[in-house]
Amino acid sequence: MSTATNKPFKLTRAIKREVERELWGRAAARCEFSDCNKLLYKSPVTQESVHLAEKAHIYSFSKDGPRGWGTFWKNPVGLNDVPNLILVCHDCHLKIDQDEKGERYSADLLKQWKMEHEARVRIATGISANKKSHVVLYGSRIGDENSPLQTAVAFDAMFPDWNPADDRSVNLSMQSALDDSTKEFWITEAAHLRKEFDRHIRVRVSEAQPNHFSVFALASQPLLVLLGSLFTDKVPAIVYQPHREPKTWKWLPHPDGFQFRINEPADKSGIPVLVFSLSAKIVPERVESVLGVKVSIWEVTIDQPHNDFLRSEAQLSMFREGVRKLMVAIKAAHPTASDLKVFPAMPVSCAVEFGRVRMPKADLPLVIYDQNHRHQKFIETITIGGNHE
């Protein structure tokens, strides 16, 4: 008579309750098929509780299945254990098993998806509660282009350093029908931004739960500076930068040997002007054609200005530190000046941070200019400070 220890192994489709429990936990109740990520415990239509999960075998349950027994061909014990199972929705399970030769959805590919999905779950669930951040989107018209921003892209750029405080972003955007070559455009956009900021941001700052913001903005530079000035540097925030190559909002490695350069005017008796020659070079003649020749131009620049130089968060920190010191120097060199004219050509994150580092009680009011294609020159747009504070 056979004893309990020497009974022949019988292969069954029944999966132990503890295996199923661990599989659900590892997958965080989401489909592990790459880019599906569907919640498996509720209806996507009615939101009612419903069991949508299926347990797919990586190496097939059947020896003649799409991916065969693989490493289990000598001993099928373990086919129904966690390492050989992937939690998926019904549609993705069908896709996997309809690949009869196991070429498109190979065992190695399924194992990779399982590993990547479960690693993301471990990272996301390991984020501390004090790493929650409100996601703020601000898009406005840039010339003849609109600036759509996507919440999902913002969430991806934050991960794994920050976790969204809500499943929805705070959207301050406005799509004006006005032409940005007119004064009405700038008055309307600035008023809208101030109003929306008061409605959506100040209340969260006062509640301080959490009191941190992740800012994603694509707009004309004067409006970005205004956005930063509304936040100020007293509100904890991280400002993200869109990169062209590679196309991402995630911060990239810091370039070796990078530094900003500040050029002071030889003659400081003229109207103080601050020029940011970062995304492109702004030659003095462009400033003088607008303000006249009696100007004292202070310039923040880099060795080779171009529109994708800002790669790392460390560069943005260097920018903040340098500009803060520069604002003090300009105020000291021009004690009787009524304002500071600003001509910007810089990345969007620099524009926001320039507004944030401005100290309302200490710094000169900012009169911000913007290059306008219709006028073929810089035009005055908005003023920050003074009676406009």
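The values are calculated or read from the model by the stated rules, or taken from the named source; none is laboratory data. Quick caveat, the model's predicted, so the values are computed rather than measured. Here the Cβ is made from the backbone with ideal geometry for all residues, glycine too, and neighbour counts use every protein chain on show.
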In this structure, does Arg311 turn out to be among the charged types (D, E, K, R) and either part of a strand (DSSP E or B) or closer than 28 Å to Thr248 by Cα (or both)? yes
If Asn307 meets every condition in (1) closer than 29 Å to Arg194 by Cβ; (2) surrounded by 15 or more Cβ atoms within 10 Å (Cβ to Cβ); (3) under 24 Å from the mean Cα position of the chain (by Cα) apart from one, which number is that one? (2)
Unique residue being assigned to a loop (DSSP other than H, G, I, E, B) and surrounded by fewer than 18 Cβ atoms within 10 Å (Cβ to Cβ) when the list is Ser269, Ser279, Ser206: Ser269
Got at least one residue in the stretch 264-275 being basic (Lys, Arg) and outside the structural domain of Thr151 (by TED's automatic domain parsing)? yes
Please find, among Ser296, Ser277, Ser269, the residue that is over 19 Å from Glu353 (Cβ atoms) and either touching a strand residue (DSSP E or B) at 6+ places or on another chain (Cβ under 6 Å) or in contact (Cβ under 8 Å) with a residue 60 or more places away in the chain (or both). Ser296
Picking from Lys331, Lys325, Lys361, the residue that is in a helix (DSSP H, G or I) and without any contact (Cβ under 8 Å) to a residue 24 or more places away in the chain would be Lys325
Being crowded, with 16+ Cβ neighbours inside 10 Å, touching a residue at least 40 places away in the same chain (Cβ under 8 Å) and in a loop (DSSP other than H, G, I, E, B) is the filter here; which residues of the stretch 64-101 pass it? Arg67, Leu79, Asn80
Selection from the stretch 7-39 of residues among the polar types (S, T, N, Q) and assigned by TED's automatic domain parsing to the domain that holds Val82 yields Ser34, Asn37
Only listed residue being modelled with pLDDT of 95 or more and either of a type outside the set (Phe, Trp, Tyr) or on the phi > 0 side of the Ramachandran plot (or both), chosen from Leu87, Leu52, Leu79: Leu87
Of the residues in the stretch 322-333 that are farther than 14 Å from Arg261 by Cβ and surrounded by 12 or more Cβ atoms within 10 Å (Cβ to Cβ), the one that is nearest to the chain's Cα centre (by Cα) is Arg324
